[in-house]
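Reviewing the structure listed below.
The values are calculated or read from the model by the stated rules, or taken from the named source; none is laboratory data. Source: prediction; values computed, not measured. FYI the Cβ positions are ideal-geometry reconstructions off the backbone, even for glycines, and counts take in every protein chain you see.
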Amino acid sequence: MRFNKKVFVIVDAYTTGKFVAPLINANGYSCIHLQSSKEIIPAFAPTFIESNFIKNIIYDGEIRLVVKHLLDFEVIGVIPGTETGVILADLLSNSLGLHTSNNLQLSHARRNKHEMVNCLAKHEIPHAKSFQSNHLDEILRWVEGHGKFPVVVKPLSSAGSDGVKICNHINEVTNAFNAIMNVKDIFNEINATVMVQRFLDGQEYIVNTVSYDGKHKVVDIWRKFKNKVNGIPINDYAEIVAPSEPDYVLLFTYIFKVLDALEIKFGAGHSEIMMTEDGPILIETAARLEGSIDPSAVHEATGNNHVSCLVNSYLSRDEFLQSYSTINGVKKYARHTFLVSPSSGVITKEPDLQSIINLPSFHSLSFRFERGNHLVKTTSLADFPGFVYLVSEDRQQVETDYQILREYEKTLYSDICS
């Protein structure tokens, strides 16, 4: 293994975060992994590649001990690999006195959705009216005062639609509150508080950004589609948005204000925005890379991707600062399709995915389960079976292949599960 005293620290290098260290290593630098908890969350464990790192430090709650472990190195940057690493990455970066640190005082606002909304309100940025409490009666009073259904009830700091429920009646609010309160989220953290929020009606978008010294670059924008099952939003697919589309400028103009308000001056940003009749309104922003993606598919479509742009912002700072305002074009149509399991069961045989692989616009797929695993009914990004990227210069080909994929998927899970 190559060793370089100049290192990057990756905190929780899971899901998309697994792609960061290999790219840094390929540029001649070394990486150290900081594990935010004693045990890696089971859903994340298969994505951790320890061989990408010269050292793995397990955080025990004492940041000074982590700093001590790093005394023999010159740390260039601290990067969160996934959501669980965001706050710890902020803490370590500031403890090391790195100039690429984000404001520690706003660290929780970059994870806690209610604090995030309050931050936008303080800066007079359009936002969704919301309320948080650990008491059901207070939540119900807010809903009654809001006077309009539907409303959205969700955990404060989870992700991937985990625990999110769209409620059309006061009884549904009660049920949603009880389903969230004191229950572990997908990051294995107890939900000590519940958030209720105005329902945002419109078209949802994903905006992925990279920032350096307060200069923000839009890497890619996706139009996202979901299906509602019993009030639970389930991801269907996301399609790449071209810069020529009318909403593009509105979206990046809005998200730059959000990034400034949250003081995300360095690093990746992954934001979900609803384009309402009143304009763009934030659903949430995460100070990290988008999860569950294939960077190569995005690169095929746009010539850039979230991971490489993030790494380049550190390793080629001057180049980034000279080109951050350049808008990436769209070379090919791309659709990020989420596989959806309608039922649960034990996987008894390997899935036959050849019919998907043979699709003309097929680029890549990720299937998260193996024989012997328990496949569960899809209710969020925490339990979806996998995803497929379709990429082509022919938009109709992508649409046709998507329809074929969904038709094939109808029998996929019953064939492999008992």
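Of the residues making up region 150-173, those that are without any contact (Cβ under 8 Å) to a residue 40 or more places away in the chain and aliphatic (A, V, I, L, M) are Ile170, Val173. The residues listed here are His336, His299; of these, the one that is in contact (Cβ under 8 Å) with a residue 60 or more places away in the chain, outside any loop (DSSP other than H, G, I, E, B) and within 24 Å of the chain's Cα centre (by Cα) is His336. Within region 260-272, the residues that satisfy the criterion of being crowded, with 20+ Cβ neighbours inside 10 Å and touching a Ser or Thr at 6+ places or on another chain (Cβ under 9 Å) are Leu262, Ile264, Phe266, Gly267, Ala268, Gly269, His270, Ser271. Just so you know, in region 376-408 the residues that are hydrophobic (A, V, I, L, M, F, W, C) and surrounded by fewer than 19 Cβ atoms within 10 Å (Cβ to Cβ) include one that is farthest from Thr302 (Cα to Cα), and it is Val376.
Applying the set (1) of a type in the set (Lys, Arg); (2) surrounded by 15 or more Cβ atoms within 10 Å (Cβ to Cβ); (3) farther than 25 Å from Ala238 by Cβ to Lys129 leaves exactly one unmet item: (2). Looking at region 278-292, is at least one residue farther than 20 Å from Gln203 by Cβ and modelled with pLDDT under 95? Within region 278-292 (the criterion being farther than 20 Å from Gln203 by Cβ and modelled with pLDDT under 95), the answer is yes, since at least one residue qualifies. Checking the structure you have, find out if any residue of region 87-105 is surrounded by fewer than 20 Cβ atoms within 10 Å (Cβ to Cβ), among the charged types (D, E, K, R) and either modelled with pLDDT of 95 or more or outside the structural domain of Glu189 (by TED's automatic domain parsing) (or both). Taking every residue of region 87-105 in turn, none turns out to be surrounded by fewer than 20 Cβ atoms within 10 Å (Cβ to Cβ), among the charged types (D, E, K, R) and either modelled with pLDDT of 95 or more or outside the structural domain of Glu189 (by TED's automatic domain parsing) (or both). For region 161-189, filtering for residues that are modelled with pLDDT under 90 and either touching a helix residue (DSSP H, G or I) at 6+ places or on another chain (Cβ under 9 Å) or aliphatic (A, V, I, L, M) (or both) leaves 6.
As an exercise: evaluate Gly202 against (1) under 30 Å from Asn94 (Cα atoms); (2) under 21 Å from the mean Cα position of the chain (by Cα); (3) small (Gly, Ala, Ser) and give the number of the one condition it does not meet. Every condition holds for Gly202 apart from (1).
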